[in-house]
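Here the structure comes first, spelled out in structure tokens, and everything after it is commentary.
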Amino acid sequence: MTLCIHNAMLEGYASPVSLLVTDGLIERIDPRGARVDQAQCLDARGMTLLPGLVNAHTHAAMTLLRGAGDDMPLMTWLQEKIWPAEARLTEDDVYWGTRLACLEMIRSGTTAFHDGYWHFHAVARAVRDSGMKAAIGLPIVDALGADQGEACKNTAQSVMQEMDRYDPRWIRPVIYPHAIYSVSTETLRWCQRFAEIHDLTLHIHLSETRGEVEHCLKQHGMRPVFYLDRLGLLHQRTLLAHAVFLDDAELDLIAERKVTLVTNPTSNLKLACGGVFPYKRMAKRSIAMGMGTDGAASNNSLDMFQEMKLFSLMQKHTLGDPTALPAQVALQIAMGCHARILGHSGIIAPGEPADLILINTHTPEMTPPLNLHSNLVYAATGHVVDTTIIHGRIVMQNRIVADEDHIRDEVTKRALALTRSPAP
Ligand SMILES: [Zn+2]
């Protein structure tokens with residue numbers, strides 16, 4: 001299958017280029033911008049080509065509960081709103097919630113994401129039907145006891161035996177122990193062994209709150225990063241989400257172990273975690289980093305453009321330095337340039353997967369065209385994305401995505417039923 005995108009503006013080229021995509025990979029870039037015959041053609045006049053964005057930490061299906069009780073204390077929100085609704089959640093609900101998340105991500109220029117939620121196959125089917133790429137978590141929690149842990153492990157094992165249902169270029173499993181406070185030491189060790197046996201990435205929430213760090217110090221006599229390292233969980237395939245409360249010794253070890261940290265600025269602000277991702281101290285140590293929205297229950301948007309802006313502004317504000325995080329760097333992190341998350345390099349070059357977006361530069365937010373990076377990070381939202389291409393397939397064109405109305409109707413119906421109080 002061949003696709004030719006022509007008349008596209010591309011950074012580094014003075015005039016529009018054409019890009020030839022074959023079997024999902026970028027084959028060549030022609031600086032003359034010529035259209036190649038005998039290929040599916042996409043005229044990108046007035047548009048700028050960018051790598052797709054990578055949402056490196058989310059819980060896609062939670063879009064189903066978007067807005068179900070905001071502005072509440074954490075425990076009240078969980079006990080009164082989220083847990084009762086989640087207790088009634090079916091596999092089909094997770095499928096439709098994930099479809100909605102994929103729809104929102106495609107419409108805001110995200111082409112791949114790291115997910116963590118229940119019902120692996122429902123999530124995977126939704127990802128496949130949406131045409132996105134995802135590293136999908138095999139969730140492991142044993143906070144309710146050994147039985148819960150055993151059930152999670154059994155599910156993870158059976159999913160691994162069924163992975164031939166999915167194309168690994170699009171869907172990959174990831175071991176996903178929820179957090180150090182919800183997974184026991186022994187089960188964390190099991191997760192590491194499982195990751196080694198199956199050659200998996202390990203994705204975990206870490207050091208999101210001060211309380212978590214204090215609890216770890218009290219329980220294990222060391223800070224969370226050293227605790228995970230003692231259990232063998234820190235390595236090149238580890239992804240630590242949130243990573244807000246880290247001291248210098250922890251950052252030194254993270255750099256040494258080549259771990260990737262993922263920032264979730266909106267979620268940190270909304271849940272009032274009281275800390276800020278240590279970008280500058282990480283950059284000094286060349287630590288790989290990604291960016292994520294977290295789930296719609298704590299954001300409530302999956303638009304990575306909003307995340308880039310907030311990330312940059314939070315760093316500038318906290319450090320009292322407007323030069324702390326230039327727009328270009330925020331954009332690169334969102335594109336996956338600072339970490340090969342899901343195998344994405346975040347660059348447009350021959351041989352790379354054609355995970356691409358076209359930005360409509362004829363929009364008020366992108367005008368005047370004096371500074372592309374600044375317009376994208378500080379002025380734009382995901383609405384400037386006109387076309388989304390994933391592995392050479394067009395999944396949105398002229399802002400139209402297949403099945404959009406159906407997905408919205410289905411989710412609305414299910415969300416209303418889930419949040420309705422049960423009959424007395
Ligand atoms: Zn999360």
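The values are calculated or read from the model by the stated rules, or taken from the named source; none is laboratory data. Nothing here was measured: the structure is a model prediction, and the numbers come from that model. We place every Cβ from the backbone using ideal geometry, glycine too, and count neighbours over all the protein chains shown. These accessible areas exclude ligands, DNA and RNA; they are computed on the full protein's heavy atoms, side chains included. Shrake-Rupley method; radii C 1.70, N 1.55, O 1.52, S 1.80 Å.
Miscellaneous remarks
- Residue check, Leu78 within 16 Å of the ligand (Cβ to nearest atom) and within 25 Å of the chain's Cα centre (by Cα): yes
- So Asp142, is it in a helix (DSSP H, G or I), in contact with a helix residue (DSSP H, G or I) (Cβ under 9 Å, 6 or more places away or on another chain) and away from the ligand (no atom under 16 Å from the Cβ): no
- Hits in the stretch 367-413 (condition: among the charged types (D, E, K, R) and either under 27 Å from Leu42 (Cα atoms) or open to solvent by 50 Å² or more (accessible area, probe 1.4 Å) (or both)): Asp386, Arg393, Arg399, Asp403, Glu404, Asp405, Arg408, Asp409, Lys413
- Residue in the stretch 110-119 that is nearest to Ile390 (Cα to Cα), counting only those that are of a type outside the set (D, E, K, R) and out of contact with any Leu (no Cβ under 6 Å at 6 or more places or on another chain): Thr111
- For the criterion of being farther than 20 Å from Phe305 by Cβ and more than 21 Å from the chain's Cα centre (by Cα), Ala417 passes.
- If the condition is being assigned to a helix (DSSP H, G or I), out of contact with any Lys or Arg (no Cβ under 7 Å at 6 or more places or on another chain) and open to solvent by 50 Å² or more (accessible area, probe 1.4 Å), then the stretch 314-344 contributes His317, Thr318, Gln328, Gln332.
- The stretch 226-242 residues that are among the small types (Gly, Ala, Ser), paired with ones that are away from the ligand (no atom under 16 Å from the Cβ) (beta carbon under 7 Å, 6 or more apart): Gly232/Gln192
- Looking across the stretch 262-288, just one residue is outside any loop (DSSP other than H, G, I, E, B), more than 20 Å from Val213 (Cα to Cα) and either within 14 Å of the ligand (Cβ to nearest atom) or hydroxyl-bearing (Ser, Thr, Tyr) (or both), and that is Thr266.
- Val123 vs. criteria more than 13 Å from the chain's Cα centre (by Cα) and within 16 Å of the ligand (Cβ to nearest atom): yes
- Subset tally (residues that are under 12 Å from the mean Cα position of the chain (by Cα) and surrounded by fewer than 24 Cβ atoms within 10 Å (Cβ to Cβ)) for the stretch 290-300: 0
- Residues (away from the ligand (no atom under 16 Å from the Cβ), assigned to a loop (DSSP other than H, G, I, E, B) and either in contact (Cβ under 8 Å) with a residue 60 or more places away in the chain or in contact with a Gly (Cβ under 9 Å, 6 or more places away or on another chain) (or both)) located in the stretch 14-68: Ser15, Pro16, Asp23, Gly24, Ala44, Gly46, Gly52, Gly67, Ala68
- Of the residues screened, Gln192 is one that is open to solvent by 10 Å² or more (accessible area, probe 1.4 Å), out of contact with any Asp or Glu (no Cβ under 7 Å at 6 or more places or on another chain) and not in a loop (DSSP other than H, G, I, E, B).
- Hits in the stretch 372-402 (condition: in a loop (DSSP other than H, G, I, E, B) and free of Cβ contacts under 8 Å to residues at least 24 places away in the same chain): Asn398, Ala402
- Pairs where the first residue, in the stretch 163-175, is outside the structural domain of Pro353 (by TED's automatic domain parsing) and the second is of a type in the set (Lys, Arg) and in a helix (DSSP H, G or I), C-beta under 7 Å, 6+ apart: Tyr166/Arg128; Trp170/Arg128; Ile171/Arg128
- Selection from the stretch 207-251 of residues that are touching a Lys or Arg at 6+ places or on another chain (Cβ under 8 Å), closer than 12 Å to Leu261 by Cβ and part of a helix (DSSP H, G or I): Glu250, Leu251
- Residue match in the stretch 155-173 (condition: in a helix (DSSP H, G or I), surrounded by 14 or more Cβ atoms within 10 Å (Cβ to Cβ) and touching a Ser or Thr at 6+ places or on another chain (Cβ under 8 Å)): no
- As for the stretch 290-313, it holds no residue that is over 22 Å from Thr58 (Cβ atoms), away from the ligand (no atom under 16 Å from the Cβ) and part of a helix (DSSP H, G or I).
- Residues located in the stretch 245-261, provided they are more than 16 Å from the ligand (Cβ to nearest atom) and closer than 22 Å to Phe113 by Cα: Lys258, Val259
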